[in-house]
Amino acid sequence: MDYKYIEQLLERYWKCETSLEEEHILRTFFRQKDVPDSLRQYRDLFCYEHEEKETDVLGSDFDAKMLAMVDEPEPVKAVTISLRQRFMPLLKAAASVAIVLALGNVAQVMFNEGGQPEPAVAGFQKTHNGPSVAMSDSAKTDSMKQASAATTILK
């Protein structure tokens, strides 16, 4: 038997020049049981669509299973959030930053000069002797005045 027409359709099929009717002719030809050996290599290509439709059929309960997976049992209710609840994480973060900064400041003061605060004026020294120091200073100035007066008289 001569299969020239089928071979011509195949050549046009590979060039993408066939119409839908001609492709339907090719599909019906390759679905036959007695396909020549020279064209048998193309049989799977044209019969695939028909065979897959027959083998891959969804069950009747497929739709029910999918709808059961998609449906939500309870509607989701909207929750109102107050302004306090909305800013609470921000306030917690600000409080933790303030605590860390305060502890850092205290640690810095404690480690500088053995826990003694730095004097506000350079060269300032605190007297530890109390009022007696002031009296001795004034006594020294009085004695110095008397000594200078005596030296001026002796001259």
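What pairs come out if I take residues in region 80-107 that are touching a residue at least 24 places away in the same chain (Cβ under 8 Å) and pair them with residues that are assigned to a helix (DSSP H, G or I) and open to solvent by less than 60 Å² (accessible area, probe 1.4 Å) whose C-beta lies under 7 Å away, six or more apart or interchain? Once the first residue is touching a residue at least 24 places away in the same chain (Cβ under 8 Å) and sits in region 80-107, no partner that is assigned to a helix (DSSP H, G or I) and open to solvent by less than 60 Å² (accessible area, probe 1.4 Å) comes close enough. Screening R12 with (1) modelled with pLDDT under 90; (2) in a helix (DSSP H, G or I) gives one miss only, at (1). One residue stands out among those in region 52-67 that are of a type in the set (A, V, I, L, M) and at pLDDT 80 or above: the one that is least open to solvent (accessible area, probe 1.4 Å), which is A64. Say we look at region 11-31 and pick out the residues that are of a type outside the set (F, W, Y) and open to solvent by less than 80 Å² (accessible area, probe 1.4 Å); which of these is nearest to E49 (Cα to Cα)? Within region 11-31, the match that is nearest to E49 (Cα to Cα) is R27.
The values are calculated or read from the model by the stated rules, or taken from the named source; none is laboratory data. These numbers come from a predicted model, not from an experiment. Note that each Cβ is placed from the backbone with ideal geometry, even for glycine, and that neighbours are counted across all protein chains shown. With ligands, DNA and RNA removed, areas are computed over all heavy atoms of the protein, side chains included. Shrake-Rupley method; radii C 1.70, N 1.55, O 1.52, S 1.80 Å.
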